[in-house]
1. With every protein chain kept in place and ligands, DNA and RNA left out, what is the accessible area per residue of segment 8-56? Probe 1.4 Å, answer in Å².
2. I'd like the Karplus ³J(HN,Hα) series for segment 36-43: coefficients 6.51, -1.76, 1.60, θ = phi - 60°, whole numbers in Hz, and an x wherever there's a Gly or Pro.
3. Roll a 1.4 angstrom probe over the protein heavy atoms and tell me the percent of accessible area of the chain that is carbon or sulfur.
4. Going by amide H atoms built from the backbone, whose H comes under 5 Å of the H on residue 18, apart from near neighbours?
Amino acid sequence: MLYQLTGATITGLTSFNGANGATPESTLIQLSNGAFYGTASFGGSSNLGTVFKFVI
């Protein structure tokens with residue numbers, strides 16, 4: 001699950017369902033395009049992991 005913390009409020013933004021990754025492992029990085037990127041060690045089309053992108 002990917003969460004956003006705003007003050008004292010925690011909001012769930014997305015969850016990992018296997019197709020988009022499973023067991024996210026890395027620290028998210030934000031690139032100049034504003035999107036956040038990370039990796040998951042399982043999931044994806046071959047269940048070998050994914051690189052994912054999330055835009056708020």
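The values are calculated or read from the model by the stated rules, or taken from the named source; none is laboratory data. Quantities reported herein were computed from a predicted structural model and do not represent experimental measurements. Remember, those area values only see protein heavy atoms, side chains included, never the ligands or the DNA or RNA. Shrake-Rupley method; radii C 1.70, N 1.55, O 1.52, S 1.80 Å.
1. Here the residues of segment 8-56 average 68 Å² of exposed surface.
2. 3J(HN,Hα) across segment 36-43, in whole Hz: 9, 10, x, 10, 10, 7, 9, x.
3. Roughly 56 percent of what the probe reaches on the chain is carbon or sulfur.
4. none
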